[in-house]
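*Asks:* Got a structure for you, written out below as structure tokens; questions coming shortly.
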Amino acid sequence: GPLLAIESSCDETAVAILAPDGRIMAEHVLSQFADHAPFGGVVPEIAARAHLSHLPALVSHALAEAGLTTADLGAVAATTGPGLIGGLLVGAGFGKGLALAAGRPFIAVNHLEGHALTARLPGLVPGGVAFPYLLLLLSGGHCQCVAVDGVGRYRRLGGTIDDAVGEAFDKVAKLLGLPLPGGPGIERLAALGDAKAFPFPRPLAGRAGCDFSFSGLKTAVAQAVGALPVGAIPHATAADIAASFQAAVVDVLVDRAGQALKMLPQATALVVAGGVAANQAIRAALHGLAARQRIALVAPPLRYCGDNAVMIGWAALERLHAGLAQDGHDQRPQPRWPLTALSGSPENVSG
Ligand code: ATP
Ligand code: MG
Ligand code: FE
């Protein structure tokens with residue numbers, strides 16, 4: 001029967017229902033950004049309470065939209081990490097309760113595996129995306145190059161040594177007085193500015209390996225803002241800063257992804273995932289890199305870049321099909337849960 005999936009690891013409450021072949025029967029995402037806006041960042045306690053108050057109605061809506069009752073479900077899946085513990089407890093607890101009441105298995109899903117496997121959603125790419133592929137995971141909490149050898153088989157080739165790329169977008173947005181999440185606002189502003197106006201650094205570009213660093217870039221932007229005359233930042237200057245910052249990020253990502261592709265020459269595709277993968281300038285530049293390497297760039301539709309439950313449901317189905325899904329009724333939420341700790345990954349690789 002169909003699978004119901006829940007995502008609640010951060011500030012999106014999301015529910016989806018997928019048919020066993022991956023066809024999407026219902027999907028809902030409720031973003032809480034307005035709840036957190038007055039505080040300038042996600043407040044874990046507010047997030048957990050919001051998930052708790054929205055989940056029952058979202059699940060009812062999804063079931064009604066799919067024309068199902070809980071008795072029709074074949075399984076229930078929920079994100080059990082990594083993420084904010086309060087939200088994970090709410091989503092996993094709700095999912096386990098539903099599964100128990102329906103007498104169905106509960107599948108515990110790793111949020112990052114959801115982002116990692118989104119590219120293989122049926123219908124996204126004609127013929128699908130085959131293993132192994134290079135995953136560039138670009139989100140609010142993560143920034144990694146991952147070799148995806150199969151379902152459950154992930155090798156971290158490199159990652160950030162300080163901030164995640166989405167975090168850098170959010171911090172620069174704050175400096176420019178833009179609302180959170182910062183990425184979309186920076187992208188819009190950057191389109192109006194001169195990317196050569198500010199010579200921001202390209203941290204680690206040209207170095208061997210595929211690690212990332214964004215704290216120095218963020219500091220350079222803070223210094224540029226601090227050097228401006230006191231008062232509100234003129235719109236044209238803010239646009240130039242946004243454009244120059246985004247150009248530095250693009251250059252760094254292309255350089256690092258190029259290095260990572262050298263480390264995985266057998267890659268069938270370059271796959272970009274996570275909220276930052278919604279950025280059109282980043283997509284265009286990575287498309288150019290992939291074309292030069294004669295492989296495909298696979299970037300999910302915008303609604304599947306940020307957090308959603310379709311990716312959680314799809315990861316659960318991939319696990320079921322691969323024979324890797326265990327009953328997760330006794331699996332506890334884990335705030336930290338690296339991709340490389342999943343079953344099938346080489347055990348000697350650290351997260
Ligand atoms: P993680 O998946 O690592 O646990 P998360 O779930 O918070 O973190 P996502 O929801 O996948 O991350 O992505 C959110 C991030 O994406 C935010 O930092 C946001 O600013 C960034 N982002 C969203 N849209 C864009 C865009 N158009 N350009 C750049 N960044 C963007
Ligand atoms: Mg989010
Ligand atoms: Fe995410």
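*Asks:* So, in the stretch 100-150, of the ones that are under 26 Å from Ala208 (Cβ atoms) and among the polar types (S, T, N, Q), which residue ends up nearest to ligand 1 (Cβ to nearest atom)?
*Replies:* Checked the stretch 100-150; the qualifying residue nearest to ligand 1 (Cβ to nearest atom) is Ser139.
*Asks:* Inspect the stretch 276-293 for any residue being within 16 Å of ligand 2 (Cβ to nearest atom), closer than 30 Å to Ala77 by Cβ, touching a Ser or Thr at 6+ places or on another chain (Cβ under 7 Å) and not β-branched (Val, Ile, Thr) and give the result as yes or no.
*Replies:* Scanning the stretch 276-293 turns up no residue that is within 16 Å of ligand 2 (Cβ to nearest atom), closer than 30 Å to Ala77 by Cβ, touching a Ser or Thr at 6+ places or on another chain (Cβ under 7 Å) and not β-branched (Val, Ile, Thr).
*Asks:* Take the residues in the stretch 151-170 that are surrounded by fewer than 21 Cβ atoms within 10 Å (Cβ to Cβ) and charged (D, E, K, R), then tell me which one is nearest to Ala208 (Cα to Cα).
*Replies:* Arg156
*Asks:* Return yes or no: is Gly1 of a type in the set (Gly, Ala, Ser), part of a loop (DSSP other than H, G, I, E, B) and in contact with a Leu (Cβ under 6 Å, 6 or more places away or on another chain)?
*Replies:* Here the answer is yes, as Gly1 does meet what is asked.
*Asks:* For the stretch 270-312, name all the residues that are away from ligand 1 (no atom under 16 Å from the Cβ) and over 18 Å from the mean Cα position of the chain (by Cα).
*Replies:* Selection gives Gly288, Leu289, Ala290, Ala291, Arg292, Gln293, Arg294, Ile295, Ala296.
*Asks:* While we're looking at this one, here's another question. What are the pairs with Cβ atoms under 7 angstrom where one residue, in the stretch 103-115, is part of a strand (DSSP E or B) and the other, located anywhere, is among the aromatic types (Phe, Trp, Tyr) and at pLDDT 95 or above? Sequence gap at least six, or different chains.
*Replies:* Matching pairs, first to second residue: Asn110/Trp337.
*Asks:* Take the conditions within 24 Å of the chain's Cα centre (by Cα), within 21 Å of Pro20 (Cβ to Cβ) and hydroxyl-bearing (Ser, Thr, Tyr) and apply them to Thr70. Does it pass?
*Replies:* no
*Asks:* Sticking with this structure for a sec: Restricting to the stretch 3-32, name every residue that is β-branched (Val, Ile, Thr), more than 16 Å from ligand 2 (Cβ to nearest atom) and farther than 17 Å from Phe106 by Cβ. Outline the logic, then answer.
*Replies:* Residues of the stretch 3-32 that are β-branched (Val, Ile, Thr), as a first pass: 6, 13, 15, 17, 24, 29.
Applying the additional criterion that residues be more than 16 Å from ligand 2 (Cβ to nearest atom) yields 17, 24.
Result: Ile24, single match.
*Asks:* Moving on. Of the conditions (1) assigned to a helix (DSSP H, G or I); (2) under 19 Å from Leu121 (Cβ atoms); (3) within 16 Å of ligand 3 (Cβ to nearest atom), Val29 satisfies every one except a single condition; which number is it?
*Replies:* Looking at each condition in turn, Val29 falls short on (1).
Residues checked against (1) outside any helix (DSSP H, G or I); (2) within 15 Å of ligand 3 (Cβ to nearest atom); (3) surrounded by 17 or more Cβ atoms within 10 Å (Cβ to Cβ):
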site: Ala243; (1), (2), (3): no, no, yes
site: Val249; (1), (2), (3): no, no, yes
site: Arg256; (1), (2), (3): no, no, yes
site: Gln266; (1), (2), (3): yes, no, no
site: Leu270; (1), (2), (3): yes, no, yes
site: Gly288; (1), (2), (3): no, no, no
site: Arg294; (1), (2), (3): yes, no, no
site: Gly306; (1), (2), (3): yes, yes, yes
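The values are calculated or read from the model by the stated rules, or taken from the named source; none is laboratory data. Because the structure is predicted, anything quoted here is derived from the model rather than measured. Ideal geometry is used to build each Cβ from the backbone, glycine not excepted, and the neighbour counts take in all protein chains shown.
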